[in-house]
Amino acid sequence: MKTLENHVILFDSECPMCKAYTNAFVKSGMLNDNGRAAYQQMPENICPVINKQRAANEIALVNIETGEVTYGIKSLFRVIGTALPVFNPLFAFEPFIWLMSKIYAFIAFNRRVIIPTGKTNDSFAFQPEFKKHYRIAYLLFTWFFTGYILTAYAHLLVGIVPLGNPYREYMICGGQIIFQGIVISTFARDKLWNYLGNMMTISFAGSLLLLLLLGISCLFSIPPLLAVMYFLAVAGLMFLEHIRRSKLLNLGWIMTITWALYRVAILIMILEMN
């Protein structure tokens, strides 16, 4: 595996994902030991040649000999393509570049709601920009995926919870986005999009956990009571994560209380239909 020499990749020190994969580049030998640095503490010899705002949005790769800078998915292609040249024809294929650049931007502009950073150094002059269309795309993606998994999981609950129509789970999930959006708009409108992104990350993560039991149900028969107990356990984890993320957003308990009340009210309505 060949190391990309004389290059420094600039990552977001407040992004756990960014820290993890750039560290993996170094550990695997794709980059030198000094081949990564946080853009929040950019080395002086790099600063003059870089668009600092773009580096905050997309990961930047700097050739410290020539001053050439690449951003986003092309930075990752450069690192991986040097270490594994077999992928270079694919990385030069324009439709693939376009597709992966969209996927990269989708993740990059939502990275701080996918994995929250905790305390953010707002004193730093350059922060990742907010792109509403990418946040809306993220909400739609997580809404659809969560609704799809919940619709499939509902079949495991038959006998205890009525099945309902094929669109029930989509309406419940979408209804919570609208309901919570209205609630937070009454007292913290400036945090609307951040909160909704975090809330739907929780829903998405919960659906991934439910997917585990769905996979097992393809091999073994799952008793409805076990499926209900597992669902409640996942809901409990989601509740705890909602508390944690609400604290990170300085939202107190209001959003967690309304989040739980909405779900309890929907559950009561579903059971009354039985």
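The values are calculated or read from the model by the stated rules, or taken from the named source; none is laboratory data. Bear in mind the structure is a predicted one, so any value in this text is a computation, not a measurement. When we count neighbours, we look across all protein chains shown, and the Cβ atoms used for this are built from the backbone with ideal geometry, even at glycine. Ligands, DNA and RNA are excluded from the accessible area calculation, which covers all protein heavy atoms including side chains. Shrake-Rupley method; radii C 1.70, N 1.55, O 1.52, S 1.80 Å.
With the alpha-carbon atoms of the stretch 103-206 aligned to their principal axes, the span from lowest to highest coordinate is 56, 33, 23 Å, starting with the largest.
Along the axis of the charge dipole computed for the stretch 146-259 (Cβ charges of +1 for Lys and Arg, -1 for Asp and Glu, origin at the Cα centre), the listed residues MET199, VAL234, GLY215 are led at the positive end by MET199.
Sorting 7-16, 189-198 by their mean Cβ neighbour count within 10 Å, with the most densely packed peptide first, gives 7-16, 189-198. Multiplying the residue separation of PHE126 and PHE93 by 0.36 nm and removing their Cα-Cα distance gives an extension gain of 8.7 nm. When the chain is treated as a GNM, springs tying every alpha-carbon pair under 10 Å, which of GLY215, GLY174, GLY252 comes out with the largest mean-square fluctuation? Comparing GLY215, GLY174, GLY252 in the GNM, the peak value goes to GLY215.
Between LEU163 and LEU240, take the C-beta separation as r, use R0 = 45 Å, and let me know the FRET efficiency to the nearest 0.05. Can you show the working numbers first?
On the way: r = 29 Å, r/R0 = 0.64.
The value I calculate is 0.95.
Leaving out ligands, DNA and RNA, and with a 1.4 Å probe, what % of the accessible surface on the stretch 138-198 is carbon or sulfur? Provide the component values of the computation, followed by the final result.
Working: 2230 of 3020 Å².
Carbon and sulfur: 74 percent of the exposed surface of the stretch 138-198.
Taking 7 Å steps out from each Cα toward its Cβ at ILE178 and LEU225 produces label points 3.8 nm apart. Ellipsoid fit via the Cα gyration tensor, the stretch 178-229: semi-axes of 35, 11, 6 Å, each the root of five times an eigenvalue, largest first.
Greater than 25 Å separation of Cα atoms is the criterion. Which listed pairs, LYS52/LYS132; LYS52/LYS102; LYS2/LYS74; LYS132/LYS247; LYS131/LYS191; LYS27/LYS247, meet it? Result: LYS27/LYS247 exceed 25 Å. Considering only HIS7, ALA38, PRO85, the residue lying farthest towards the positive end of the dipole of the stretch 1-107 is PRO85, judged by Cα position with unit charges set on Cβ.
Looking at the stretch 139-180, what % of the alpha carbon pairs are farther apart than 16 Å? It would help to have the intermediate numbers written out before the result.
Working: 293 of 861 pairs.
Value for the stretch 139-180 (Cα pairs over 16 Å): 34 percent.
For a paramagnetic label modelled on VAL86 (point 7 Å from Cα along Cα→Cβ), amide N atoms under 20 Å away belong, within the stretch 1-40, to 1-4, 25, 28-31.
Charges on Cβ only, +1 for Lys and Arg, -1 for Asp and Glu, centred on the Cα centroid of the stretch 9-154; of ILE149, LEU139, VAL26, which one is farthest towards the dipole's positive end? Going by the charge dipole, the pick is ILE149. In the chain, the ratio of gyration radius to Kirkwood radius, Rg to Rh, stands at 1.05 when only Cα atoms are counted.
Length gained on full extension, ILE103 to ASN32: 22.9 nm, using 0.36 nm per residue less the C-alpha separation.
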